[in-house]
Amino acid sequence: MSTVTARPGSAAVDPRAGTRPSQPVIQARDLVKRYGELVAVDGVSFEVEQGEIFGLLGPNGAGKTTTVEMLEGLRKPDGGSALVLGLDVARQADVLKERIGVQLQTAALYPLLTVEEVIDLFASFYRRSRPARELIEALDLGERRLAFTRDLSGGQRQRLSVALALVNDPELIFLDEPTTGMDPQARRSLWDLIASLRERGKSVLLTTHYMEEAEQLCDRIGIMDHGKVLEMGTVEDLISKRFRERSVRFDDIGELPEERLAALPGVVRVVREDGVVALYTPDVAATIGGLLQATEALGREPANLVIRRATLEDVFLDLTGRALRD
Ligand SMILES: Nc1ncnc2c1ncn2[C@@H]1O[C@H](COP(=O)(O)OP(=O)(O)OP(=O)(O)O)[C@@H](O)[C@H]1O
Ligand SMILES: [Mg+2]
């Protein structure tokens with residue numbers, strides 16, 4: 001163990017290599033990565049706080065993996081800089097490796113080792129590790145413990161790659177599309193696991209192109225396209241910044257003419273489509289109140305009444321003019 005002596009006049013040196021609770025675990029500044037003519041990552045800056053789950057959401061080719069790999073110290077940026085756990089990724093990648101967990105989008109697993117053997121092997125790369133049994137249980141791989149990794153299903157392989165990312169009990173975990181290829185049940189249980197990491201004070205950077213995953217799991221999201229982060233914030237921020245209105249929907253009632261609907265309190269737009277009316281309004285309560293009065297006067301009641309807010313999908317469409325998944 002080395003002893004650090006502060007020189008007279010110099011600031012005291014933090015023995016935990018620079019991480020203070022108040023310091024972001026990731027500070028990316030203007031990161032750039034080029035592949036020939038292509039600018040895969042084009043000036044990306046963001047911060048992730050300790051205990052936060054931050055999601056990079058974007059379509060195929062947006063630059064998510066490239067960004068994450070630069071932060072993991074696996075790919076050298078052509079521009080910009082990044083501090084991860086207070087360490088400069090370009091110069092201190094070796095120290096960093098012990099403290100982060102990395103799940104690669106296309107993990108090469110040793111085909112002729114069993115699940116348990118691969119976990120043990122990965123554990124041997126680190127000074128500190130979690131017991132294989134614990135990880136096998138956490139990722140629900142008990143039944144496949146003695147299976148060769150080549151015989152795993154896509155979803156099981158994915159779960160194993162997450163287990164491997166946790167093997168050194170890291171402070172910060174990078175997950176690149178962790179739930180791709182999983183069935184809905186496995187996906188939900190992985191969401192629970194990721195949320196439990198946050199409860200233990202860990203931080204997570206994940207990439208995804210699943211809207212629901214980003215909405216359910218992430219404290220904040222960066223929406224990426226063509227190498228740039230277009231917008232960043234909580235789901236609520238991202239949606240409410242663009243869409244003030246919600247829509248009140250119900251099965252169309254022929255006796256209510258469009259003018260009558262448009263004149264209901266709060267209504268700014270009426271869309272009638274496929275037997276459903278959508279009333280866009282910033283004041284849902286007033287609109288529904290007015291609607292119920294109007295229908296009652298007709299001796300009717302709106303059927304299948306729902307309130308819908310805009311989704312991240314709507315935000316993405318509005319930002320880029322394209323659907324997230326074409
Ligand atoms: N090693 C490489 N050499 C050349 N081009 C690359 C390389 N890696 C990535 N690219 C290109 O950089 C762009 C960004 O790729 P990246 O893998 O970061 O996207 P992504 O957002 O992770 O996409 P996906 O959702 O498909 O995983 C793409 O156009 C991709 O083809
Ligand atoms: Mg990717």
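The values are calculated or read from the model by the stated rules, or taken from the named source; none is laboratory data. Because the structure is predicted, anything quoted here is derived from the model rather than measured. Don't worry about glycine lacking a Cβ; one is built from the backbone with ideal geometry, like all the others, and counts go over all protein chains shown.
Matching residues to (1) touching a strand residue (DSSP E or B) at 6+ places or on another chain (Cβ under 9 Å); (2) within 16 Å of ligand 1 (Cβ to nearest atom):
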| position | (1), (2) |
| --- | --- |
| GLU171 | yes, no |
| PHE174 | yes, yes |
| ASP237 | yes, no |
| ARG260 | no, no |
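Could you please find all residues in the stretch 43-58 being surrounded by fewer than 18 Cβ atoms within 10 Å (Cβ to Cβ) and either over 15 Å from CYS218 (Cα atoms) or touching a Gly at 6+ places or on another chain (Cβ under 9 Å) (or both)?
Across the stretch 43-58, the qualifying residues are GLY43, SER45, GLY51.
Any chance the stretch 106-119 includes a residue that's under 22 Å from the mean Cα position of the chain (by Cα) and either within 16 Å of ligand 2 (Cβ to nearest atom) or at pLDDT below 95 (or both)?
Among the residues of the stretch 106-119, at least one is under 22 Å from the mean Cα position of the chain (by Cα) and either within 16 Å of ligand 2 (Cβ to nearest atom) or at pLDDT below 95 (or both), which makes the answer yes.
What tally of residues in the stretch 301-326 results from selecting those that are part of a loop (DSSP other than H, G, I, E, B), surrounded by 13 or more Cβ atoms within 10 Å (Cβ to Cβ) and out of contact with any strand residue (DSSP E or B) (no Cβ under 8 Å at 6 or more places or on another chain)?
Count: 1.
Is it the case that the stretch 312-325 has a residue that's under 39 Å from the mean Cα position of the chain (by Cα) and modelled with pLDDT of 95 or more?
The answer is no; no qualifying residue exists.
Only residues that are surrounded by 14 or more Cβ atoms within 10 Å (Cβ to Cβ) and either in contact (Cβ under 8 Å) with a residue 40 or more places away in the chain or farther than 16 Å from PRO257 by Cβ (or both): list them for the stretch 279-291, please.
If the condition is that a residue be surrounded by 14 or more Cβ atoms within 10 Å (Cβ to Cβ) and either in contact (Cβ under 8 Å) with a residue 40 or more places away in the chain or farther than 16 Å from PRO257 by Cβ (or both), then TYR280, THR281, ASP283, VAL284, ALA286, THR287, ILE288, GLY289, LEU291 are the ones that fit.
Applying the selection to the stretch 33-63, what residues are within 12 Å of the chain's Cα centre (by Cα) and not hydrophobic (A, V, I, L, M, F, W, C)?
Passing the criteria: GLU52, GLY55, GLY58.
So which residues in the stretch 116-163 are aromatic (Phe, Trp, Tyr) and farther than 21 Å from PHE174 by Cα?
If the condition is that a residue be aromatic (Phe, Trp, Tyr) and farther than 21 Å from PHE174 by Cα, then PHE148 is the only one that fits.
Which strands (runs of 3 or more DSSP E) does the stretch 140-235 wholly contain that include 3 or more residues that are in contact (Cβ under 8 Å) with a residue 60 or more places away in the chain and within 16 Å of ligand 2 (Cβ to nearest atom)?
Fully inside the stretch 140-235 and qualifying: 172-176, 203-208, 220-225.
Give the residues of the stretch 256-267 that are assigned to a loop (DSSP other than H, G, I, E, B), in contact with a helix residue (DSSP H, G or I) (Cβ under 9 Å, 6 or more places away or on another chain) and at negative phi, sorted by residue number.
Of everything in the stretch 256-267, those that are assigned to a loop (DSSP other than H, G, I, E, B), in contact with a helix residue (DSSP H, G or I) (Cβ under 9 Å, 6 or more places away or on another chain) and at negative phi turn out to be LEU256, ALA263, LEU264, PRO265, VAL267.
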